[in-house]
Amino acid sequence: METERMSPLSDLLNLNLDTKQIIAEYIWIGGSGMDIRSKGRTLPGPVSDPSKLPKWNYDGSSTNQAAGDDSEVILYPQAIFKDPFRKGNNILVMCDAYTPKGDPIPTNNRHKAVKIFDHPNVKAEEPCSVRFGIEQEYTLLKKDVKWPLGWPLGGFPGPQGPYYCAVGADKAFGRDIVDGHYKACLYAGLSIGGANGEVMPGQWEFQISPTVGIGAGDQLWVARYILERITEICGVIVSFDPKPIEGDWNGAAAHTNFSTKSMRKEGGLDLIKKAIGKLEVKHKQHIAAYGEGNERRLTGKHETADINKFSWGVADRGASVRVGRDTEKEGKGYFEDRRPSSNMDPYLVTSMIAETTILG
């Protein structure tokens, strides 16, 4: 009798389960502030409200977030998205972390951000509210050598210029990953606004469209998780290092666009200028929280401002803060903080911008 061939792994992953049960993938941020962790659990049926999800726990000593003799850390579900990897009613759950007594652990920047977004003066910007749009840049690396995708092994491609928003096998490296990520984010229900090739070859960007308050942070972290999963499948490394290649190459940022209801009304440009003035006063505090290794990127070259000097300008990509031409022309709109690095924590950055510009 002929031995029956085992189904490919893809067949197993795409099984249509005849059950009401779902899989919930709990996602959280590890001790480094950039390591994304996750684990799945079976639930009896579909869930759309994070408050209806059970809390869970993990070994914090294995993520550098707790001691070995008291290692339990509790996950509190905060936001739900559709799972593009398992489809159906399965979900991704963005969580933050607490001690068994219910206190936020030190690395829980989400909890700190919620306090700022819940401040009466910030909430007074309702119903249009405080909005953030984040431009996440990243670099795709070959797994074994950790060298940018498309670059000759141990060597360099031609100078920058032909690669930004480019097409062609000799200019755009990793588009299948980028397109897969784009569609997966849309499926998940994220407000992903677009994607494009960046100035350095092997470097790409996706954008989280203007999103209200804490939601911008939730969405960026889940988008990062999805990107990590896709590159894992493809055997490629995604790097959020702000300057992955030294020399005459652009770094990677997470430019953060910001506006309030008042800034989007007539006369909003004056409020934008006042807000930028407040950012200048607290430049050092913001820089300290805007991402590790950012000093390697913010050199005053490659479309950046010098890390030690605050500046702003209209349509100036070499400034700390940029105001768009349309905003200047219409006298209202938004501004772009160009200082945050690609590895910044969006909970920390968005809440600091809101706190500085609104609460002073």
Checklist entry - Once you sort the root eigenvalues of the Cα gyration tensor of the range 1-148 as a ≥ b ≥ c, which label holds: rounded (a/c under 1.5), prolate (a/b larger than b/c) or oblate (the other case)? => result prolate
Checklist outcome for this item: Applying the gyration tensor rule to the Cα atoms of the chain (axes a ≥ b ≥ c; rounded if a/c under 1.5, else prolate if a/b exceeds b/c, else oblate), the class is oblate
Checklist outcome for this item: For ASN57, the residues 5 or more places away or on another chain with a placed amide H closer than 5 Å to its own amide H are LEU75
Item to check | 5 angstrom amide H check on ILE105, placed H, neighbours 5+ away | outcome: ALA97, TYR98, THR99
Checklist entry - With labels modelled as points extended 7 Å from the Cα through the Cβ direction, what inter-label distance (nm, one decimal) is found for LYS142 paired with ASP103? => result 5.0 nm
Next on the checklist: With unit charges on the beta carbons (Lys and Arg positive, Asp and Glu negative) and the dipole taken about the Cα centre of the chain, which residue among PRO162, THR357, GLN207 sits farthest to the positive side?
Outcome noted: THR357
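Expressed in nm to one decimal, what extension gain is obtained for the pair LYS284 and ASP35 from 0.36 nm per residue of sequence separation less their Cα-Cα distance?
Stretched out fully, the LYS284 to ASP35 stretch lengthens by 87.1 nm.
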Checklist outcome for this item: A student applying the Cα gyration tensor rule (rounded when a/c is under 1.5; otherwise prolate if a/b is larger than b/c, oblate if not) would label the range 46-93 prolate
Checklist entry - Taking R0 as 35 Å, what's the FRET efficiency between ALA169 and ASP59 from their Cβ-Cβ distance, rounded to 0.05? => result 0.20
Checklist outcome for this item: Whole-percent carbon and sulfur contribution to the accessible surface of the range 31-131 (1.4 Å, no ligands, DNA or RNA) stands at 47 percent
Checklist entry - Counting each DSSP H run of 4 or more residues in the chain as -39500 (n - 2.57), what helix-only mean residue ellipticity at 222 nm follows after dividing by all residues, to the nearest 500 deg cm²/dmol? => result -7000 deg cm²/dmol
Checklist entry - Can you give the relative contact order of the range 85-157 as a percent, counting alpha carbon pairs under 8 Å and 6+ residues apart? => result 11 percent
Checklist entry - For ASN16 and SER48 in the same chain, what is the full-extension length gain: residue separation times 0.36 nm, less their Cα-Cα distance, in nm? => result 9.4 nm
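How much length is gained on full extension from ASP118 to VAL314, taking 0.36 nm per residue of separation minus their Cα-Cα distance?
67.4 nm
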Checklist outcome for this item: Label model pair LYS274, ASP176: point-to-point distance (7 angstrom along the Cα→beta-carbon line) in nm is 5.4 nm
Checklist entry - What is the spin-label model distance, in nm, from ASP306 to PHE85 if the labels are put 7 Å beyond Cα along the C-beta direction? => result 4.5 nm
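The values are calculated or read from the model by the stated rules, or taken from the named source; none is laboratory data. Model, not experiment: these values are computed from the prediction. Counting neighbours? That spans all protein chains shown, and the Cβs are built from the backbone with ideal geometry, glycine included. Just so you know, the surface numbers come from the protein's heavy atoms only, side chains and all, with ligands and any DNA or RNA stripped out. Shrake-Rupley method; radii C 1.70, N 1.55, O 1.52, S 1.80 Å.
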